[in-house]
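The values are calculated or read from the model by the stated rules, or taken from the named source; none is laboratory data. Remember, it's a predicted structure, so these values are computed and weren't measured experimentally. Heads up, the Cβs are rebuilt from the backbone with ideal geometry, glycines too, and the neighbour counts pull from every protein chain shown.
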Amino acid sequence: MWRRVAQLSSLVPSSKAFLRNQPQPPYGLQTCGAFSTEILKPAKDGVPTTTREKLPFITFVLGGPGSGKGTQCLKIVETFGFSHLSAGDLLRKEISSNSENGAKILETIKEGKIVPSEVTVKLIQRAIESNNNDRFLIDGFPRSEENRRAYERIVGAEPNIVLFFDCPEEEMVKRVLNRNQGRVDDNIDTIKKRLEVFNALSLPVINYYSKKGKLHKIRAVGTEDEIFERVHPIFTRMEVMKRK
Ligand code: UDP
Ligand code: MG
């Protein structure tokens with residue numbers, strides 16, 4: 001048990017460790033905290049506090065690397081008018097914008113590990129707040145129970161539904177190695193680590209939502225259109241999709 005905890009914790013750098021390695025501002029002005037969350041206030045008495053009149057409809061989209069989350073999200077966007085927020089893309093944007101966390105995020109992604117929750121949740125929260133849509137797909141997040149709890153604590157809400165693209169490992173590896181998007185983590189060594197992280201840390205999140213009755217498991221084998229045929233009815237039968 002001890003060994004397992006130690007193994008798992010090595011997969012998730014703490015935000016403190018992340019911070020420690022950042023160049024510090026002069027005069028000890030660390031208090032502004034590179035990972036503080038600023039936009040939404042945490043929930044009070046279980047009631048989420050946002051600047052919107054109506055809470056948006058949030059769908060988390062989960063599945064291993066190469067399970068087809070991003071591809072299916074594009075189809076859901078076209079058909080059901082969602083805004084697509086890929087946590088991985090938000091992190092990659094941070095890297096290319098030369099933000100102060102960029103180098104550390106890049107290192108974490110190369111190792112197939114999970115970026116500290118505060119960093120990712122803040123990016124997601126900002127993206128939601130700057131978009132007036134009433135429905136969002138959050139793709140590739142939460143990747144751990146710690147991610148999930150941080151989201152609930154900071155945003156003060158739970159997702160309405162969760163999709164899980166269930167795909168055999170060999171198929172996922174084949175797709176990632178063939179996708180040619182120039183990603184630093186699409187190589188066999190990193191993929192192996194990402195699969196390990198997925199099994200150890202992301203599957204418990206999927207089990208959590210399954211127990212809560214929020215999970216929709218989709219068999220993610222077949223053509224893009226065949227898989228979308230399995231996704232489509234999940235949304236058409238939902239009342240919220242009729243709201244304009
Ligand atoms: N990542 C992370 N937290 C997230 C989402 C992504 O730390 O919430 C990092 C992690 O290192 C992951 C990488 O970004 O391996 C790529 O994630 P993405 O979702 O883009 O990969 P996919 O599963 O689509 O291949
Ligand atoms: Mg993706």
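Name the residue that is surrounded by the fewest Cβ atoms within 10 Å (Cβ to Cβ), counting only residues in region 222-244 that are of a type outside the set (A, V, I, L, M) and outside any helix (DSSP H, G or I). Filtering first and then ranking leaves 244. Residues in region 202-218 that are away from ligand 1 (no atom under 12 Å from the Cβ), of a type in the set (A, V, I, L, M) and under 16 Å from the mean Cα position of the chain (by Cα): 203, 206, 215. Look at (1) polar (S, T, N, Q); (2) farther than 27 Å from residue 58 by Cβ; (3) in a helix (DSSP H, G or I) and you find that residue 207 fails only one, number (2).
None of 96, 144, 117 is under 18 Å from the mean Cα position of the chain (by Cα), over 22 Å from residue 220 (Cβ atoms) and away from ligand 2 (no atom under 14 Å from the Cβ) except 117. Count of region 69-89 residues, restricted to those that are crowded, with 18+ Cβ neighbours inside 10 Å and assigned to a loop (DSSP other than H, G, I, E, B), is 1. Checking each residue in region 212-243 for being under 14 Å from residue 159 (Cα atoms) and at pLDDT 95 or above picks out 212, 213, 214, 215, 216. Among the criteria (1) surrounded by 22 or more Cβ atoms within 10 Å (Cβ to Cβ); (2) more than 7 Å from ligand 1 (Cβ to nearest atom); (3) assigned to a loop (DSSP other than H, G, I, E, B); (4) not charged (D, E, K, R), the one residue 66 does not fulfil is (2). All of (1) surrounded by fewer than 16 Cβ atoms within 10 Å (Cβ to Cβ); (2) touching a helix residue (DSSP H, G or I) at 6+ places or on another chain (Cβ under 6 Å) hold for residue 219 with one exception: (2).
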